[in-house]
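For reference, the structure discussed in these notes is given below.
Each value in this text was obtained by applying a stated rule to the coordinates, not by laboratory testing. Not measured: the values here are computed from a predicted model. For neighbour counting, all protein chains shown are included, and Cβ atoms are generated from backbone atoms with ideal geometry for every residue, glycine included.
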Amino acid sequence: MKNPFWLMILGLALSMLFLSCKKKTEVLEESEAEPAEEVLDFYSPEADDASWVDSLLVKIEEERIADELAKMEDSLADYQIEEKSDEKEEKAEESSENQQEEINPIEKFFEENRQGRVLNDKNNQMRFFEFDDEIISPQWTDEGLTLVYSNGSNVTRNYYDEKYRLSKKEEWEIRSAADAKKLKTEKFTYSEDSGKVIQKDIITDAELESVFYNNEGYPLTTKKYAIYKNKNHIIMERKWIYDEENRVLKDEQKEYTYKDEKYKKLSSTFTKNYEYSYNAEEIPPDVKYYENGFLKMQNKYTSEKGNYISWVYFDQNLSVKTYYENDIRSRDEYYNKGQLFRIKEYDKPSGENDERKSN
């Protein structure tokens, strides 16, 4: 006689097997009826020559160098005493020939700000001049005239000598009578022969910078120092060289880094130099950019506006030469140790192709 327990076990196993087969059949039928979405692999390691890495590096380096150039050009304007223009020079020559006298800064202020409210003292001398949110207050001392400009919490105090030349300028932040802080002081030294600024010292609590100028008011050299325990420690030097038209030929800058905040030991120096050579009036100047004596970038322009060649050098081996037409990138050439190993062509704008076909 058979054991009923084993019969029950056998029946249960057969039932599970039947249900499992039925479930598999349903899955197969369902998959055949509605096929799953195919997963596409767009990346092929065999076809990857890593050219996208070079393109990415070129773009990053180009942007970095362009940023360096922009900062150096902008900072040059900050160092100039006054913007030069033919109109200003003609007015200055006419004024010097006719009357040979300096313009009172108060008169100049009133010429530029015709509307406002004047407050006089008991002797009918001007004490304040209000114009919108700005206030000007003149003060006469034995050393000359002092003008105080106020605009909110920002206050500027200008000191003039007996010839009404700006001799010192102070910038303050005054939030209240108990909260006043001098941010910066500028001191001007004039040539006895030409009467023009030949030196400007810029002083803050942390730094001192001395700038020297040529006869036309363009900076020649500057040295910046960090002030620590009443001692000056050099942190930057810069030099400019101009042509006969006062256009920059060379802009050389050297930065000093120290190992700690006490400036006891020099850690490293970093130099960056720009060299310019000028073409026709409407064509930008050719430019070369060096870091620590190594050429990193150069642009060479043609006689046709918007057409030029740019080189970017990553090290002594790898470089990329880029061609531009109408200021649009048209071709990249990759070099290793001077040998061309890759070329990338860029599609020209459709409008340009249509125009060529019509011609």
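Among the residues of the range 268-308, just one is touching a residue at least 60 places away in the same chain (Cβ under 8 Å) and β-branched (Val, Ile, Thr), namely 287. For the condition under 25 Å from residue 206 (Cβ atoms) and free of Cβ contacts under 8 Å to residues at least 60 places away in the same chain, residue 170 qualifies. Restricted to the range 210-230, and to residues there that are in contact with an Asp or Glu (Cβ under 8 Å, 6 or more places away or on another chain) and without any contact (Cβ under 8 Å) to a residue 24 or more places away in the chain, the residue that is farthest from residue 191 (Cα to Cα) is 227. Collect the residues in the range 306-323 that are of a type outside the set (A, V, I, L, M, F, W, C) and surrounded by fewer than 18 Cβ atoms within 10 Å (Cβ to Cβ), keeping them in residue-number order. Those that are of a type outside the set (A, V, I, L, M, F, W, C) and surrounded by fewer than 18 Cβ atoms within 10 Å (Cβ to Cβ): 306, 307, 315, 316, 317, 321, 323. Screening residue 322 on (1) in a strand (DSSP E or B); (2) under 26 Å from residue 77 (Cβ atoms) shows it passes everything except condition (2). When the range 167-208 is filtered for residues that are surrounded by 13 or more Cβ atoms within 10 Å (Cβ to Cβ), out of contact with any Asp or Glu (no Cβ under 9 Å at 6 or more places or on another chain) and among the hydroxyl-bearing types (Ser, Thr, Tyr), only 204 remains. Name every residue in the range 218-247 that is at positive phi and either surrounded by 16 or more Cβ atoms within 10 Å (Cβ to Cβ) or charged (D, E, K, R) (or both), in order of residue number. Across the range 218-247, the qualifying residue is only 229. So which residues in the range 290-308 are more than 22 Å from the chain's Cα centre (by Cα) and under 30 Å from residue 226 (Cβ atoms), if there are any at all? Of everything in the range 290-308, nothing turns out to be more than 22 Å from the chain's Cα centre (by Cα) and under 30 Å from residue 226 (Cβ atoms).
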